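Each remark here refers to the structure printed beneath this line.
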Amino acid sequence: MTDEEKDDETPSEIIMQDIEQDQLGDEEIPQQSSKKVYRLLSLLIIISMLFVFVLPPLINSIVFLQTFRGNDLEPGEAQELLGYFEENYLYQELFEEETYHQKKQKLLSRNSISRMRLHLFIKNMTNHVGDQYTYFSGNTQKPNTKSPSIESEIIDENTYYIRLHEFNEGIAEKTKRTLVKSTHPNLIIDLRGNPGGNLRELLGIAELFLPENIEAFRLEGSNQLQSFITREEMLEPYKRVFILLDKKSASASEILALTMKLNMENVVVIGKETVGKSVAQTEQKDSNDTYSFSIVSYRWFVQNESVDHLQNYLLEYKDVRLNNLDDYIKVVNRIIKKFN
């Protein structure tokens, strides 16, 4: 625009141009603010992702490494532990592999052997046979001495409910004391989320329901067999017993469910699936609890069946809603109504 053209502009045109420029200036402010807000939100998202996805695994790794603090294994201790491993391990075919003996010799030829190095050796070797349960780890924590955890309540005038969170020491006696107070004809045993535990405690609970002098279950190892026989007098029988399972029920929970199902006619197992752990472990610790060596040593059986047979009983619930206890109770009530 020339100077002459500017001089020809009317005052109203000049005012309109000033207003338009002011409006353009005002629009730049929220755009800059939006960018700041966007940057702040992006930063918050990144921080949140660090807390959720990065820090927990990092903390777990640090805690895991802390369990291996301390001195190296004593001279000859690694050799002794590997001897225990070879004698008791279920998957004996591992020791027929030349790779195992080569890596073992390389490990034992070292001047010193850390617990972490032995852990990595065991982990690497057991992975060869698909074993996810054998492990060697540092163990600076005291043994679990917490009291057995049981929840119980009256569902209605006909049904009593008990939940066992774990088969820890004392759980069988506490279960017995709880159940002798019940006069209800139906019983619900909730084993959802129960990872297993002490097999002697498992036998003690099975004895509350099974007749004397029958094999509740057995363990078969590479060169040994253990049979668990009921010895105690059972409680007054219930009209019907319901056992609740879920995808976190494992080991002793699966054994109890199957032995009661196969040895009793009034037991119903309810759930979609369980962990499917068909093996049992033996454990070796040093006197100071500075390490723990847990070895898969047995497969478990009830009569001649194992965990796969248990899954067959759960197939009928694959399309049934079982998200919480209320869903399970609804199934229980339908079954009770059907048989009454």
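Only the coordinates and a few stated rules stand behind these numbers; no lab work does. Since the model is a prediction, treat every value here as computed from it, not as a measurement. Ideal geometry is used to build each Cβ from the backbone, glycine not excepted, and the neighbour counts take in all protein chains shown.
Here are some notes:
- Neighbourhood net charge (14 Å Cβ-Cβ; Lys/Arg +1, Asp/Glu -1) for A216: -3
- Within the stretch 195-340, the ratio Rg/Rh, alpha carbon atoms throughout and Rh by Kirkwood, equals 1.01.
- Using equal-weight Cα scatterers in the Debye expression, the normalised intensity of the stretch 77-138 in log10 at q = 0.25, 0.29 Å⁻¹ is -1.24, -1.66.
- Charge tally in the Cβ shell below 15 Å around F339, where Lys, Arg are +1 and Asp, Glu are -1, F339 excluded: +4
- Among the listed pairs K123/K176; K174/K248; K248/K330; K318/K338; K104/K247; K247/K338, those with a Cα-Cα distance over 31 Å are K123/K176; K104/K247.
- Here's how it looks for F217: its modeled amide H is under 5 Å from those of F228, which are all 5 or more places away or on a different chain.
- Packing-based ranking, highest mean first, of 184-192, 162-170, 300-308, 218-226 given that Cβ atoms within 10 Å are counted: 184-192, 162-170, 300-308, 218-226
- Dimensionless Rg/Rh of the stretch 120-249 - Kirkwood Rh, Rg from C-alpha atoms: 1.04
- The coefficient of translational diffusion for the stretch 92-195, derived via Stokes-Einstein from the alpha carbon Kirkwood radius under 25 °C and 0.890 mPa s, stands at 136 µm²/s.
- Highest mean packing comes first when the peptides 33-39, 94-100, 263-269 are listed by Cβ atoms within 10 Å, giving 263-269, 94-100, 33-39.
- Space enclosed by the convex hull of the alpha-carbon atoms of the stretch 183-265, per residue, Å³: 100
- Distances between placed amide hydrogens fall under 5 Å for F242 paired with L187, I188, I189, V268, all partners being 5 or more residues away or on another chain.
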